[in-house]
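Report on the structure given below.
The values are calculated or read from the model by the stated rules, or taken from the named source; none is laboratory data. As the structure is a prediction and not an experimental result, all values here were calculated from the model. No Cβ is skipped: glycine too gets one built from the backbone with ideal geometry, and neighbour counts run over all protein chains shown. With ligands, DNA and RNA removed, areas are computed over all heavy atoms of the protein, side chains included. Shrake-Rupley method; radii C 1.70, N 1.55, O 1.52, S 1.80 Å.
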Amino acid sequence: MEQFDQPINRAGTSSVKWDMLKTVFGSEDLLPMWVADMDFKPPQAVLDKLEKRLKLPPYGYTFVPDSTGRAVAGWMERRHGWNVKPGWIMYSNGVVPSISTVIRALTKPGDQVLTLTPVYTPFFQMIELNDRKLASSLLVEEKGRYEINWTDFEEKIKNSSLFLLCSPHNPSGRVWSEDELSRISELCRKHDVTLVSDEIHSDLLYSHAEHIPAAHAAKTQSDHIVTLAAPSKTFNLAGLQASVIIAESEEMREKIQAEQTKQGFFTLNTFGIAAMEAAYEEGEEWLQSLMVYLEGNLKLVREAVQEIQGVTLMEPDSTYLLWLDFRKTGKSDEDVQEALLKKAKLALEPGEKYGEGGEGHVRMNIACSRDLVKEGIKRLKLAFE
Ligand SMILES: Cc1ncc(COP(=O)(O)O)c(C=O)c1O
């Protein structure tokens, strides 16, 4: 556990979280608890594999070997009980690029793409920048959890070509149940809609939660489902830009690969391949320790938030991103950002970035040492004093 307590100085490493504070928030002297990566080293097995590869120059064109596909499939089977055939796996330079590729491959300009809001900002961008029509269905809060408004969802899915699901959900950490996923899958099937499930956060589960891949939950066939996954969030490897696209349907795979070819995408980064394979093969024990540590961080924030009048925490099932609701303080989004940045010197993601339903919230990243979490809590209290 001590490994996660070790402070890491990321300043000066071109870290978006630490080195872009001035560009994004206008000030450098802030505690960064925003961008979704962790202030932790990846598992030692990943570092060893990278070092080994580094010592084998040159770093010329590298194909993704079959062993990487076996590592991905093995992980999905062990962690999520999902039997993925190696032939279903394609690679990509990141989940956001995958979203764009899949939208371009499986829909036409002008087609409607549905999502649930609030949600991770690039969902909107990838839909709209690719000239598709964005439709969103607002999640409703019931007993402190987001629920799908099924009437609205069914109304909107009828006119959509693709539904982009965030599973588990960023920003709330909500894990969707098997029943919810089956219902989504059946509605998509009924209305001939492709279901694209972004499962980048699916390995970061708190002890009470179980993630079920959408393609695995689908009680009927799952050949209308595309799953996007990556070791990047789980093992803190986002800078290596390696992810997977999994599709059972051969027809879909052909379309996705044709789109990748059009974009000139051929393979992953040499180091991304090495890291992905090592993480999926040898990272399980490290991940278990990480989740125990994060659960400890979560407990501290939960207790602290209970003392801040008007602020509530949406209990997460997964991931290190906490969704804090400050609507009952009566403060505006602008006032809260002002207090966070000027008074408390704390950089959190403004909820408004996550679309409708995001206002009145901020997102806090707790994937850092306990000392930094404690400092963050102090500053959070100061901002709402
Ligand atoms: C839901 C979701 N999808 C995708 C990403 C980013 O994926 P990538 O860095 O692989 O493009 C994030 C990062 O925060 C995310 O939360």
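Within segment 318-331, the residues that satisfy the criterion of being open to solvent by 10 Å² or more (accessible area, probe 1.4 Å) and either part of a loop (DSSP other than H, G, I, E, B) or within 16 Å of the ligand (Cβ to nearest atom) (or both) are Gly330, Lys331.
Just to confirm my filter: which helices (runs of 4 or more DSSP H) fall fully inside segment 18-133 and include at least 2 residues that are open to solvent by 10 Å² or more (accessible area, probe 1.4 Å), in contact (Cβ under 8 Å) with a residue 12 or more places away in the chain and more than 16 Å from the ligand (Cβ to nearest atom)?
Helices (runs of 4 or more DSSP H) meeting the threshold: 44-54, 66-80, 95-106.
Residues are listed down the side, and each one gets a yes or a no for (1) aliphatic (A, V, I, L, M); (2) not assigned by the TED database to the domain that holds Phe153:
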site	(1), (2)
Arg189	no, no
Leu195	yes, no
Ser207	no, no
Gln221	no, no
Lys233	no, no
Ile245	yes, no
Thr261	no, no
Gly296	no, yes
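Residues of segment 134-148 that are in contact with a Lys or Arg (Cβ under 6 Å, 6 or more places away or on another chain) and free of Cβ contacts under 8 Å to residues at least 24 places away in the same chain: Ser137 alone. In a residue-by-residue description of segment 200-216, the property of being farther than 19 Å from Val72 by Cα and either within 16 Å of the ligand (Cβ to nearest atom) or touching a Lys or Arg at 6+ places or on another chain (Cβ under 8 Å) (or both) applies to no position. Taking every residue in segment 217-245 that is within 21 Å of Cys368 (Cα to Cα) and at pLDDT below 95 and pairing it with any residue that is within 10 Å of the ligand (Cβ to nearest atom) and open to solvent by less than 20 Å² (accessible area, probe 1.4 Å), at least 6 positions away or on another chain, yields no pair with a Cβ-Cβ distance below 8 Å. None of Glu147, Glu141 is at pLDDT 95 or above and open to solvent by 50 Å² or more (accessible area, probe 1.4 Å) except Glu141. Taking segment 242-279 as the range and being touching a Lys or Arg at 6+ places or on another chain (Cβ under 9 Å) and within 15 Å of Leu47 (Cα to Cα) as the test, the residues that pass are Thr270, Phe271, Ile273, Ala274, Ala275, Glu277, Ala278, Ala279.
Tell me the residue from Glu359, Glu338, Glu352 that is in a helix (DSSP H, G or I), touching an Asp or Glu at 6+ places or on another chain (Cβ under 9 Å) and over 30 Å from Leu287 (Cβ atoms), please. Don't jump to the end; show me each part of the working.
On the way: Glu359 fails: in a helix (DSSP H, G or I); Glu338 fails: touching an Asp or Glu at 6+ places or on another chain (Cβ under 9 Å).
None of the other options fit; the residue is Glu352.
Taking the stated definitions as given, is Leu162 within 16 Å of the ligand (Cβ to nearest atom), open to solvent by 10 Å² or more (accessible area, probe 1.4 Å) and hydrophobic (A, V, I, L, M, F, W, C)? Answer is no for this residue.
When you scan segment 171-186, do you find a residue that is open to solvent by 10 Å² or more (accessible area, probe 1.4 Å), away from the ligand (no atom under 16 Å from the Cβ) and of a type in the set (A, V, I, L, M), even just one?
no
Please work out which residue is surrounded by the most Cβ atoms within 10 Å (Cβ to Cβ), limiting yourself to segment 201-256 and to residues that are polar (S, T, N, Q) and under 16 Å from Ile99 (Cα atoms).
Only one residue fits best here, namely Thr227.
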